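The values are calculated or read from the model by the stated rules, or taken from the named source; none is laboratory data. This one's a predicted model, so the numbers in the text were calculated from it and none came from an experiment. Note that each Cβ is placed from the backbone with ideal geometry, even for glycine, and that neighbours are counted across all protein chains shown.
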Amino acid sequence: MNENSYKNFNSLRRFCFTGVRGTGKTSLLNKVKPQNPEVHCISGSDVLREIMGGEAYSGFEFLPEEEKYAYRLKINKRLNKIQLDTDKHLLVDSHLTVYNLKTGDIDNIFTHRDYEFYTDLVLLDSTPEIVYQHRIKDSKKKRIVDLEIIERELGVERETAFQVAKEHGINLHIIRMNEKAVENLSRVLCNDI
């Protein structure tokens, strides 16, 4: 990386757009993308699927933790390259935490590279009832629909976002999933750019 591209890379923002599965991140992102051409939006899951080679992706959640971690580091390396290639601000549809199907725990899935990479966390927050409705509508994906677990997922995601932002100096923005979500996310992107 030459000095000019390094300086430009450091002036670019890297947003981790997070929220539990079923908050509506993908739908919201599809509405915000056209309004923000200076931001390259990408799905962390799509990057993982590409790295793993399609079919193997469906078994990711059942891999040993050290293998999952190794894949997460590869994702981070790929995101670095994508931002250098596009020379744009980057917004990654991702997660801070995920419900572990094997243990029933909610795991923090951020790596040390993520703490160094992201400049901003954008938490899409919601209610258990809204997440439940989104999850039962999406019959293609097997998702937890127990309201108590959903409420716990939302709470841990919130707590983790506050903790990560505080401990690692990452800017935290909270967007409520409501009728102003598109406007509020666009405002976060515009204000920080």
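Has the range 144-157 got any residue that is under 29 Å from residue 36 (Cβ atoms), among the charged types (D, E, K, R) and either modelled with pLDDT under 95 or assigned to a loop (DSSP other than H, G, I, E, B) (or both)?
The answer is no; no qualifying residue exists.
Against the definition (more than 26 Å from residue 190 (Cβ to Cβ), more than 14 Å from the chain's Cα centre (by Cα), in contact (Cβ under 8 Å) with a residue 60 or more places away in the chain and assigned to a helix (DSSP H, G or I)), how does residue 132 come out, yes or no?
Yes, satisfied.
Could you list all residues from the range 157-177 that are closer than 19 Å to residue 93 by Cβ and of a type outside the set (Gly, Ala, Ser)?
157, 158, 160, 164, 170, 171, 172, 173, 174, 175, 176, 177
Tell me yes or no: at least one residue of the range 117-128 is among the charged types (D, E, K, R), within 13 Å of the chain's Cα centre (by Cα), within 28 Å of residue 177 (Cα to Cα) and not in a helix (DSSP H, G or I).
yes
Hey, among the residues in the range 51-68 that are of a type outside the set (A, V, I, L, M) and surrounded by 14 or more Cβ atoms within 10 Å (Cβ to Cβ), which one's nearest to residue 12 (Cα to Cα)?
68
All but one of (1) in contact with a strand residue (DSSP E or B) (Cβ under 9 Å, 6 or more places away or on another chain); (2) under 22 Å from residue 102 (Cα atoms); (3) not β-branched (Val, Ile, Thr) hold for residue 43; which doesn't?
With respect to (1) in contact with a strand residue (DSSP E or B) (Cβ under 9 Å, 6 or more places away or on another chain); (2) under 22 Å from residue 102 (Cα atoms); (3) not β-branched (Val, Ile, Thr), residue 43 is out only on (2).
Mind listing just one residue for me: the one in the range 61-105 that is in a loop (DSSP other than H, G, I, E, B) and touching a strand residue (DSSP E or B) at 6+ places or on another chain (Cβ under 7 Å) and, of those, farthest from residue 120 (Cα to Cα)?
The residue in question is 100.
With the requirement that a residue be in contact with a strand residue (DSSP E or B) (Cβ under 6 Å, 6 or more places away or on another chain) and small (Gly, Ala, Ser), what does the range 163-191 give you?
Passing the criteria: 165, 181.
Could you look through the range 93-107, keep only residues that are surrounded by fewer than 16 Cβ atoms within 10 Å (Cβ to Cβ) and either touching a Gly at 6+ places or on another chain (Cβ under 7 Å) or polar (S, T, N, Q) (or both), and pick out the one that is nearest to residue 172 (Cα to Cα)?
Among those that are surrounded by fewer than 16 Cβ atoms within 10 Å (Cβ to Cβ) and either touching a Gly at 6+ places or on another chain (Cβ under 7 Å) or polar (S, T, N, Q) (or both), it is 100.
Going through the range 94-121 one residue at a time, which ones are at pLDDT 95 or above and touching a Leu at 6+ places or on another chain (Cβ under 7 Å)?
121
Checking the condition within 26 Å of residue 166 (Cβ to Cβ), surrounded by 15 or more Cβ atoms within 10 Å (Cβ to Cβ) and in contact with a strand residue (DSSP E or B) (Cβ under 6 Å, 6 or more places away or on another chain), which residue from 120, 114 passes?
120
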